[in-house]
Amino acid sequence: MPNTLPRRALLSAGLATAAAPLATPALAEAAPELTWRLGSGFPKTLDILFGASESFARIVGEATDGRFKIQPAAPGEIVPNEGLLDAVGSGKVEIGHASSNLGFAKDPAFGLATATPFGLNARGQSAWWLQGGAGELFAEVFAKHGLVALPGGNTGAQMGGWFRKEIKTTADLQGLKIRITGLGAQVMAKLGVSPQATAGQDLYGALESKTLDGAEWIGPHDDDRLGLQKVAPVYHFPGFWEGGAMMLFWFNAEKWKALPKAYRAVLQAAAAQVSAEVQAKYDARNPQALRRLVAVGAQLRPFPQEVMEAALKAANDLYGELSAKSADFKRIYEAMKTFRNEEYLWFQVAEYTYDNFMIRARARG
């Protein structure tokens with residue numbers, strides 16, 4: 001009897017020692033060593049948006065002790081920007097980070113995932129995706145193209161862009177060549193604009209040579225790097241086509257499903273952290289960048305109410321046309337509209353009232 005406990009302790013220790021080598025392969029199988037490539041839709045000069053891919057890769061690597069490596073690449077280093085979603089869907093690239101506008105040609109419903117003209121602001125877009133059912137709605141659409149998506153950061157409300165001449169009436173838009181993409185481009189086309197898909201690095205030269213009459217980009221922090229105020233000094237706002245532009249991390253659906261659950265959880269957590277960081281960076285850096293732009297010649301001008309009203313009508317007409325062509329678009333747009341109307345009812349009660357009071361308080365010093 002006195003020797004029973006020591007024997008049991010020794011037996012337990014022996015079993016534990018014997019079991020330890022058996023556990024190692026199981027752990028290795030649960031956490032395999034992987035190297036995935038991430039194609040960014042943003043050039044390295046966009047430090048916040050390209051930096052999102054770098055942060056994502058760092059977080060995943062640290063969370064897996066380096067077993068899951070992700071290698072970010074700028075547009076053109078693996079695939080061109082316009083072919084990114086096709087490359088992810090086919091498995092040529094495992095991950096992408098880009099606006100959903102890249103998939104608009106596949107299904108116009110893609111255009112709703114990043115931002116909708118006169119749609120939700122940044123907080124509303126996030127709430128709709130995470131709590132309002134949008135994530136599930138888009139998952140059905142994206143699955144048809146071999147894709148899984150997670151929110152990957154929001155720029156917040158964007159600016160209306162740079163113009164060589166001020167837009168004072170809707171008639172002033174007739175025939176203008178403006179760099180703009182996505183659903184916003186189709187809305188502006190209804191107002192007589194000729195949309196152009198000019199790359200960011202080419203905007204300065206195109207405006208200087210008058211090949212372009214205007215160009216929307218993102219907002220003060222990113223626009224500050226382009227120097228466009230020298231060749232198109234009128235800085236219109238707001239970018240009503242992107243009141244809260246949500247970028248997405250795109251994953252090849254088959255490779256996503258094949259991942260261990262722990263790795264999928266790491267990717268979800270990393271995307272959530274990056275989403276919060278991206279929006280915080282824009283909110284923190286845009287005010288200072290706007291001051292710098294005004295100091296060197298940018299002329300801030302709101303779009304006239306007439307233009308805003310005409311654009312809203314054009315947007316609603318467009319949504320009717322797209323809904324008639326695409327059942328996915330109609331289903332998701334109607335869901336967004338319902339959520340938007342409720343969201344802004346709430347904003348009007350508290351947020352809008354508070355924000356307007358603080359704007360007046362700031363004006364009084």
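The table below lists the values:
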{"read-out": "Dipole magnitude (debye, nearest 20) for the chain, charges at Cβ of Lys, Arg, Asp, Glu", "value": "480"}
{"read-out": "Residue-averaged 222 nm ellipticity for the chain, from DSSP H runs of 4+ at -39500 (n - 2.57), nearest 500", "value": "-17000 deg cm²/dmol"}
{"read-out": "Kirkwood-Stokes translational diffusion coefficient of segment 153-311, alpha-carbon pairs, 4 °C, 1.567 mPa s, µm²/s", "value": "76"}
{"read-out": "Stretch gain in nm, segment LYS165-ASP355, where the contour uses 0.36 nm per residue and the Cα spacing is subtracted", "value": "65.3 nm"}
{"read-out": "Extension gain, GLN273 back to GLN305 (0.36 nm per residue minus Cα-Cα distance, nm)", "value": "7.8 nm"}
{"read-out": "Aspartates and glutamates whose Cα lies under 14 Å from that of LYS144, excluding same-chain neighbours fewer than 8 positions away", "value": "ASP86, ASP107, GLU136, GLU254, ASP328"}
{"read-out": "Under 17 Å from LYS69, Cα to Cα: lysines that are on another chain or at least 8 residues apart", "value": "LYS92, LYS255, LYS261"}
{"read-out": "Pairwise FRET efficiency - GLU62 versus GLU342, Cβ, R0 = 35 Å, nearest 0.05", "value": "0.35"}
{"read-out": "HN-Hα J in Hz across segment 127-137 - Karplus 6.51, -1.76, 1.60, θ = phi - 60°, x for Gly and Pro", "value": "4, 4, 5, 8, 10, x, x, 5, x, 6, 4"}
{"read-out": "Simple label model, 7 Å out from Cα along Cβ direction - LYS255 to LYS230, nm", "value": "4.0"}
{"read-out": "Partner aspartates and glutamates for LYS230 [C-alpha distance under 16 Å; skip if fewer than 8 residues away on the same chain]", "value": "GLU166, ASP202, GLU208, ASP213, GLU216, ASP222"}
{"read-out": "Shape box of the chain [Cα atoms, principal axes, largest first, Å]", "value": "98, 49, 41"}
{"read-out": "Degrees between helix 351-363 axis and first principal axis of the chain (Cα, 0 to 90, nearest 10)", "value": "60"}
{"read-out": "Amide N proximity, segment 82-126 versus LYS190 label position 7 Å along Cα-to-Cβ, cut-off under 14 Å", "value": "116-119"}
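Bear in mind these aren't lab numbers, they're just calculated from the coordinates by the rules spelled out. What you see is a predicted model; the values in this text were computed from it and never measured. When we count neighbours, we look across all protein chains shown, and the Cβ atoms used for this are built from the backbone with ideal geometry, even at glycine.
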